[in-house]
Amino acid sequence: MPNEKTLGKKVSRRDALRIFGASGAGFTLGAGGATLATRYAAAQDVEGAKSNGLDSRVPFFGRHQAGVSTPQQEHLQFAAFDLTAEKASEVRDLLRSCSGAAARMCAGEPAGEENYETFLPPDDTGEAFDLSAARLTITFGFGPSLFERDGEDRFGLAKKRPAALAEIPALPGESLDEARSGGDLCIQACADDPQVAFHAIRNLARIARGVAVVRWSQLGFGRTASTSKSQSTPRNLMGFKDGTNNIKAEDEDLMQRHVWAEKGDGPSWMDGGTYLVARKIRMLIEVWDRVSLDDQEKSIGRHKYTGAPIGKEEEFAPLNLDRKDEDGEPRIPEMSHVRLSRQSEDERILRRGYSFTDGMDVERGQLDAGLFFICFQRNPRKQFVPLQRRLGQNDALNEYIQHTGSALFACPPGAGKSGYVGEALFEGD
Amino acid sequence: MIQRRISLTAAFFVSAVLIAGCGQPPTSSDETSGEDKKGKKTEATGGETTNESTTVNIADSPELKEGTERYEKYVAQQTELLVERTQKFTDAVEAGNVEEAKRLYAPARVPWERIEPIAATLEDYDPDIDAREGDVPKDEWSGFHRIEKSLWERDTTEGQAQYARQLMKDVEGLQGEIEELELEPVALVTGSVELLNEVSAGKITGEEERYSHTDLYDIQANVEGSEKAFEKLRPALEEADPTLASNIEQRFDSVYAELEPYRKGDGWVPYTEVKEEERRELSQKMDALAEPLSQIGQVLKG
């Protein structure tokens, strides 16, 4: 019964410091790296410790949306929505309400104010009461279909569509499920507590009811990248460190060059924004687990346990692609994941993916698991697309993975205190 | 459906008849529930009710009062229609006329589905009339769905006369109870949302009419019943929140529009013809309506 008495009741706090979740390793588009970090050392990550204390709140408002350069949280709930609304004003109102609720939740407050009216369902669904904000970030993005769908300018926004938001072309080696791809809007909720992340998506989907419906949703249970120098490199489900060479938030010049859209890049409503590419990558883990250690390392181009480039000992040792072994063969094999990922400095991206499992694949009788890859960049056509085209053609890992979902979103800049995310798109000229 | 609970109501309206029969009160503070089996008439005090921890002021406007009375009349009319149509249906079953019985089955259930949350709070009538296979012990199973199974699965009325007679008796018993019924405004509030929850939680999957596939009759009737409760509350809601009122109205329209393509003759296409993605769209339209509708409790704020 939703009365004050029961809501005030102490619920045991579910999420202690996630010792194991905080360590990790990585893959896709760039790889590994070694520190001597043990699981326990990883647990001492600065932000991991903070998430349990009073500093567990990440500001929602700001020049950029949070959830991009924020040191990556341990858990993800991601949702793509289709708009059922017909008027731009409905979408605008939705973004306004969602921004308000998001700001509240990121501050550790309920999604709405009215939670004690006897005759009404509470505004907030309640499962995050008594939990900390857990460094929750909520990031909104707009898909290509918001601007144009089947040639139709649905909301009068077609002329504001950035060139960088061109649909991702068909790429080699993918087998995409339409129902798990695309979407008019996306909301990425990241937190150090999975219940806090789920709560955010649930409440925003509720607010959206009647204006937008969930198209697909993905839960990610462990980060597969580090986006800050304060974090250790996590491992992905292949058992390798992932994201050693990722762009880190502290590298402001790299963020500026590769991640944030700048004035003059495209329409001004995206200045300070970024583009999100999400790829659902199924790993055929049963197959991978039968591969010898040597072949695993050659496929990636790094040592499994240290994350160091092959032939080196330190995770962060420079990845020198010119090194040869005694037979004159390249130490980092031609088809290895890290070599193919490092062909052009211009293609660098900020990776921010998560491991997932969707239970069991009943057809194969195998575990359905993999990487829910997320990356941010200034222009997907110049970064993700050429990078993935090369990987899709040649990557030694292709034997063990399959891209099954794909989506692209333009994440506008952050909102000012009295504004909302996307304001410049809906209110500007 | 037997699992239904009007839990909000149960905790706060210990005096209303609606509560009395709804079984399994969620708290032990619901002291009177044990005494009022079979929906014995008790007068609600109207202005203020209490339970152990909370004092709740309930709005007591003339609009609410009038709306509730009009809704009581609607419930009575629908019950009369239920009796009438069930009579024809059970006559056909008893006469061994399979085709006629099949034709009359879904329409007979329509008035039941329109007032289901109210009817279902009256003691045992819900399981007796509307239990599906497995809801109750096998030897106690009777009602519409028992006959449905025989008609569609075995294509016969054989052995069904006893269930037809029992069903008629139960429906008439229900009518007797309904005549005595006095509702509180909160019954309209919870009932209207609950009818849609019925659809979202169960009917959308086709499990209700698993043999006859006449689910669209039920779904349309649930929506109509919900709309009736909303209409009666509307004058009060117009004062509390006119935007909400017009929003709900639009969403009702959009649900009806979603259902429209499935009409066939006087009735509806078999639910098996509604594809998975179409069911999902219908479900999402229901959710889009139920969400603002769940806010109409505002009219009860004192």
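The values are calculated or read from the model by the stated rules, or taken from the named source; none is laboratory data. In this text, all values refer to a predicted model and were calculated from it rather than measured experimentally. Heads up, the Cβs are rebuilt from the backbone with ideal geometry, glycines too, and the neighbour counts pull from every protein chain shown.
Taking the stretch A:82-131 as the region of interest, how many residues are crowded, with 20+ Cβ neighbours inside 10 Å and assigned to a loop (DSSP other than H, G, I, E, B)? The total comes to 7.
Per-residue answers, yes or no, for (1) touching a residue at least 24 places away in the same chain (Cβ under 8 Å); (2) more than 19 Å from the chain's Cα centre (by Cα):
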{"position": "A:E74", "(1), (2)": "yes, no"}
{"position": "A:F78", "(1), (2)": "yes, no"}
{"position": "A:E113", "(1), (2)": "no, yes"}
{"position": "A:P121", "(1), (2)": "yes, yes"}
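Conditions tested, residue by residue: (1) in contact with a His (Cβ under 6 Å, 6 or more places away or on another chain); (2) among the hydroxyl-bearing types (S, T, Y); (3) over 28 Å from A:L371 (Cα atoms); (4) at pLDDT below 95.
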| position | (1), (2), (3), (4) |
| --- | --- |
| A:L54 | no, no, yes, yes |
| A:S89 | no, yes, yes, no |
| A:L95 | no, no, yes, no |
| A:G100 | no, no, yes, no |
| A:R135 | no, no, no, no |
| A:I138 | no, no, no, no |
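For the stretch A:180-237, a residue qualifies if it is aliphatic (A, V, I, L, M) and away from chain B (no Cβ under 14 Å), and the qualifying residues are A:L185, A:I187, A:A189, A:A191, A:V196, A:A197, A:A200, A:I201, A:L219, A:A225, A:L237.
Here's the yes/no breakdown for (1) touching a Gly at 6+ places or on another chain (Cβ under 7 Å); (2) in a strand (DSSP E or B):
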position: A:E326; (1), (2): no, no
position: A:P333; (1), (2): yes, no
position: A:R339; (1), (2): yes, no
position: A:Q343; (1), (2): no, no
position: A:T357; (1), (2): no, yes
position: A:L367; (1), (2): no, yes
position: A:C375; (1), (2): no, yes
position: A:N379; (1), (2): no, no
position: A:V385; (1), (2): no, no
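On the basis of being over 15 Å from the mean Cα position of the chain (by Cα), within 14 Å of another protein chain (Cβ to nearest Cβ) and at pLDDT 95 or above, does A:R282 make the cut? Considered against the rule, which asks whether it is over 15 Å from the mean Cα position of the chain (by Cα), within 14 Å of another protein chain (Cβ to nearest Cβ) and at pLDDT 95 or above, A:R282 comes out as no.
When you check B:E84 against the structure, is it without any contact (Cβ under 8 Å) to a residue 24 or more places away in the chain and under 21 Å from the mean Cα position of the chain (by Cα), yes or no? Here the answer is yes, as B:E84 does meet what is asked.
Once the stretch B:254-273 is narrowed to residues that are over 20 Å from the mean Cα position of the chain (by Cα) and within 14 Å of another protein chain (Cβ to nearest Cβ), the residue that is nearest to B:L64 (Cα to Cα) is B:S254.
For the stretch B:132-182, name all the residues that are assigned to a loop (DSSP other than H, G, I, E, B), aliphatic (A, V, I, L, M) and within 18 Å of B:V75 (Cα to Cα).
The one that is assigned to a loop (DSSP other than H, G, I, E, B), aliphatic (A, V, I, L, M) and within 18 Å of B:V75 (Cα to Cα): B:L181.
Restricting attention to the stretch B:179-223, the residues that are without any contact (Cβ under 8 Å) to a residue 40 or more places away in the chain and touching a Gly at 6+ places or on another chain (Cβ under 7 Å) add up to 0. As a summary of the residue check, A:K298 satisfies the conditions (1) in a helix (DSSP H, G or I); (2) under 26 Å from the mean Cα position of the chain (by Cα); (3) under 28 Å from A:Q231 (Cα atoms); (4) of a type outside the set (F, W, Y) except for the one numbered (2). All told, A:A424 meets the bar of being part of a helix (DSSP H, G or I), out of contact with any Leu (no Cβ under 7 Å at 6 or more places or on another chain), surrounded by 16 or more Cβ atoms within 10 Å (Cβ to Cβ) and not acidic (D, E). The set of residues in the stretch B:274-302 being facing chain A (nearest Cβ under 7 Å) and touching a strand residue (DSSP E or B) at 6+ places or on another chain (Cβ under 6 Å) consists of B:Q284, B:L300. Taken over the stretch A:209-239, the criterion of being closer than 30 Å to B:E278 by Cβ and buried (at least 24 other Cβ atoms within 10 Å of the Cβ) is satisfied by A:A212 alone. Here is a check on your reading of the model: is A:T137 closer than 17 Å to A:L95 by Cβ, more than 14 Å from chain B (Cβ to nearest Cβ) and polar (S, T, N, Q)? Yes, satisfied. Flag: B:S226 matches the condition of being away from every other protein chain (no Cβ under 12 Å), crowded, with 20+ Cβ neighbours inside 10 Å, of a type in the set (S, T, Y) and more than 26 Å from B:R146 (Cα to Cα). Checking the structure you have, find out if any residue of the stretch A:254-272 is touching a Gly at 6+ places or on another chain (Cβ under 8 Å), part of a loop (DSSP other than H, G, I, E, B), farther than 23 Å from A:R63 by Cβ and not β-branched (V, I, T). No, the stretch A:254-272 contains no residue that is touching a Gly at 6+ places or on another chain (Cβ under 8 Å), part of a loop (DSSP other than H, G, I, E, B), farther than 23 Å from A:R63 by Cβ and not β-branched (V, I, T).
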